[in-house]
Amino acid sequence: MNKFVLVLKIILYPIYRALFWYSVEGKENIPKEKGAVFCSNHISVLDPVLWIIGVRRSVHFMCKEEMFHNPVMAWFLKKCDVFPIVRGAKDMQSIGNAISIVEQNGIVGIYPEGTRSKDGKPGRAKSGVAFIANAAKADVIPAAVICKGKLRPFKRIKLVIGKPIPYAEIQFDEHNRNNLHRVSSLIMDHIREIWENGQNEW
């Protein structure tokens, strides 16, 4: 974990604990050393910050390229190990960067849906997450942000990290496009199951 993120965690932790009444379950499912692809549903711009604070290891989140247009924001995001991706296009440079991070035993954070959910429910996954996990030969860690209604301060929030999906269960022949959709849906099904179980336990 870089020093900037470590200091940020120390500063933001008490603030976020006071503003957001959240708990984190399943921390033990994050590998201590090996690389992995971390996938979660996406309901708010605050999601990444909650995960950065809640997960012990550094997570290199992919973020839409538009967020990097502001020089100050771009500097801050890069300091937080966030890197851009062009949505709606095959951004092979960013995809290659994600694969490289995992191969070097880092954790890449991806929102499979590609955008925030409008109704708070997990939606359909895009194919990028399957391509990256398969190319990096990595396990996938499904997770979910669970909250009644919109994610706002002074509300109860649960961050749940599920058991890793082994690479052996998701590896496929990348030349068959049907496999991309199948594996992307499989990953999203795991996220949806965690989210639904959390809703039922609320």
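Bear in mind these aren't lab numbers, they're just calculated from the coordinates by the rules spelled out. Just so you know, these numbers come straight off a predicted model, no measurement behind them. Neighbour counts are summed over all protein chains in view; Cβ atoms, including those assigned to glycine, are modelled from backbone coordinates with ideal geometry.
Summary of values
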item	result
Restricting the range 56-67 to residues that are within 21 Å of K3 (Cα to Cα) and among the charged types (D, E, K, R), the residue that is surrounded by the fewest Cβ atoms within 10 Å (Cβ to Cβ)	R56
Criterion: surrounded by fewer than 17 Cβ atoms within 10 Å (Cβ to Cβ) and without any contact (Cβ under 8 Å) to a residue 40 or more places away in the chain - qualifying residue of E169, E174	E169
Criterion violated by Y111 - all others in (1) farther than 17 Å from G162 by Cβ; (2) buried (at least 20 other Cβ atoms within 10 Å of the Cβ) satisfied	(1)
Among the residues listed as I161, I101, I107, the single one being in contact with a helix residue (DSSP H, G or I) (Cβ under 6 Å, 6 or more places away or on another chain) and of a type outside the set (S, T, N, Q)	I161
Residues located in the range 22-55, provided they are part of a loop (DSSP other than H, G, I, E, B), closer than 22 Å to L6 by Cβ and within 14 Å of the chain's Cα centre (by Cα)	I30, G35, L46, V55
Whichever residue in the range 29-55 is among the polar types (S, T, N, Q) and surrounded by fewer than 18 Cβ atoms within 10 Å (Cβ to Cβ) and, among such residues, is farthest from A18 (Cα to Cα)	N29
